[in-house]
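As structure tokens, the structure follows; a few thoughts come after it.
The values are calculated or read from the model by the stated rules, or taken from the named source; none is laboratory data. What you are looking at is a predicted structure, and each value in this text was computed from that prediction instead of being measured. Just the protein is used for accessible areas: all its heavy atoms, side chains included, with ligands, DNA and RNA removed. Shrake-Rupley method; radii C 1.70, N 1.55, O 1.52, S 1.80 Å.
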Amino acid sequence: MLLNKLKKFYRPFLITYIFFSIAISFYPSFDFYSFKGQVIIISVSIFNGVLGTFIKKL
């Protein structure tokens, strides 16, 4: 049960982290390597991972 929820969490988390990092890096004033920048990216990825545990695939 826990492994299934973890699997549903980390897939959307990793995909969001990778794609959002690539997309936001093209924004000129965004500092990717700052603490604030990493917190923004990780918080969006965690939110998407949590939604992945509740919402089934379409």
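Using a 1.4 angstrom probe on heavy atoms only, work out the carbon and sulfur share of the accessible area of the chain in %. Answer for the chain: carbon and sulfur cover 75 percent of the accessible area.
Calculated accessible area for the chain comes out at 86 Å² per residue, all protein chains present (probe 1.4 Å; ligands, DNA, RNA ignored).
Count the lysine pairs in the chain whose Cα atoms lie under 21 Å apart, taking only pairs 8 or more positions apart in sequence or on different chains. Final tally of qualifying lysine pairs is 6. Would you mind checking the tilt of helix 35-54 against the longest principal axis of the Cα atoms of the chain, expressed as 0 to 90 degrees and rounded to 10? Roughly 20 degrees between the two axes. Using all pairs of distinct alpha-carbon atoms, the Kirkwood hydrodynamic radius of the chain works out to 12.1 angstrom.
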